[in-house]
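Working notes, beginning with the structure itself.
The values are calculated or read from the model by the stated rules, or taken from the named source; none is laboratory data. None of the values given here were measured: they were computed from a predicted structure. Positions of Cβ are backbone-derived with ideal geometry, glycine not excepted, and every protein chain shown enters the neighbour counts.
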């Protein structure tokens, strides 16, 4: 059985496929960093994506507040390490994105806009509510 976070990542990966992006890795890890999803757009741009999956009543704006400067630095470090291990990709354009997934209990109705949805293994619904391309850009 996968975790709710892994199921949120799978939802984002499926959505990326509808946007003509190919997932290269889920949960890519090194000793110092991790990246939830690494994907490639049709134009060759590499996407390094942080996925946050939260319950409907959460304290951190659906995970957005958890993507702190320190977390951003770790994701950037992970992207740099990945590119160091894959020099054939090092000349590609890169983007750091954030995906926010909300989980809703099976007996609750989701109110709001959803980019895509799925049913979790637990019977709860998962909704991709926001995808922030270039989320770390100032």
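Name the residues in segment 92-132 that are exposed (fewer than 13 other Cβ atoms within 10 Å of the Cβ) and under 27 Å from residue 41 (Cβ atoms), would you? Within segment 92-132, 93, 112, 113 meet the criteria.
Considering only segment 64-72, I want to know if a residue exists there that is within 16 Å of the chain's Cα centre (by Cα) and more than 29 Å from residue 105 (Cα to Cα). Yes; the residues of segment 64-72 include at least one that is within 16 Å of the chain's Cα centre (by Cα) and more than 29 Å from residue 105 (Cα to Cα). For segment 69-88, indicate whether the set of residues that are touching a residue at least 40 places away in the same chain (Cβ under 8 Å) and over 15 Å from residue 46 (Cα atoms) is non-empty. The answer is yes, given that some residue of segment 69-88 is touching a residue at least 40 places away in the same chain (Cβ under 8 Å) and over 15 Å from residue 46 (Cα atoms). Residue check: residue 54 meets all listed conditions (1) over 11 Å from the mean Cα position of the chain (by Cα); (2) modelled with pLDDT of 95 or more; (3) crowded, with 16+ Cβ neighbours inside 10 Å but one, namely (2).
Looking across segment 1-50 at every residue that is at pLDDT below 95 and part of a strand (DSSP E or B), the one that is surrounded by the most Cβ atoms within 10 Å (Cβ to Cβ) is identified as 34.
Please verify whether segment 24-34 includes one or more residues that are closer than 25 Å to residue 117 by Cα and within 11 Å of the chain's Cα centre (by Cα). Taking every residue of segment 24-34 in turn, at least one turns out to be closer than 25 Å to residue 117 by Cα and within 11 Å of the chain's Cα centre (by Cα).
Here's a check for you: in segment 79-138, which residue that is assigned to a helix (DSSP H, G or I) and in contact with a helix residue (DSSP H, G or I) (Cβ under 9 Å, 6 or more places away or on another chain) is farthest from residue 49 (Cα to Cα)?
Of the residues in segment 79-138, the ones assigned to a helix (DSSP H, G or I) are 79-85, 87-89.
Among the residues that remain, those that are also in contact with a helix residue (DSSP H, G or I) (Cβ under 9 Å, 6 or more places away or on another chain) are: 82-83, 89.
On the way: 82: 13, 83: 14, 89: 17 Å.
Across segment 79-138, the extreme among qualifying residues is 89.
Screening residue 63 on (1) free of Cβ contacts under 8 Å to residues at least 40 places away in the same chain; (2) at positive phi; (3) surrounded by fewer than 18 Cβ atoms within 10 Å (Cβ to Cβ) shows it passes everything except condition (3).
Pairs are defined by a Cβ separation below 6 Å, a sequence spacing of at least 6 or placement on different chains, a first member in segment 95-118 that is modelled with pLDDT under 85, and a second member that is surrounded by fewer than 16 Cβ atoms within 10 Å (Cβ to Cβ) and part of a loop (DSSP other than H, G, I, E, B); the pairs so defined are 106/123.
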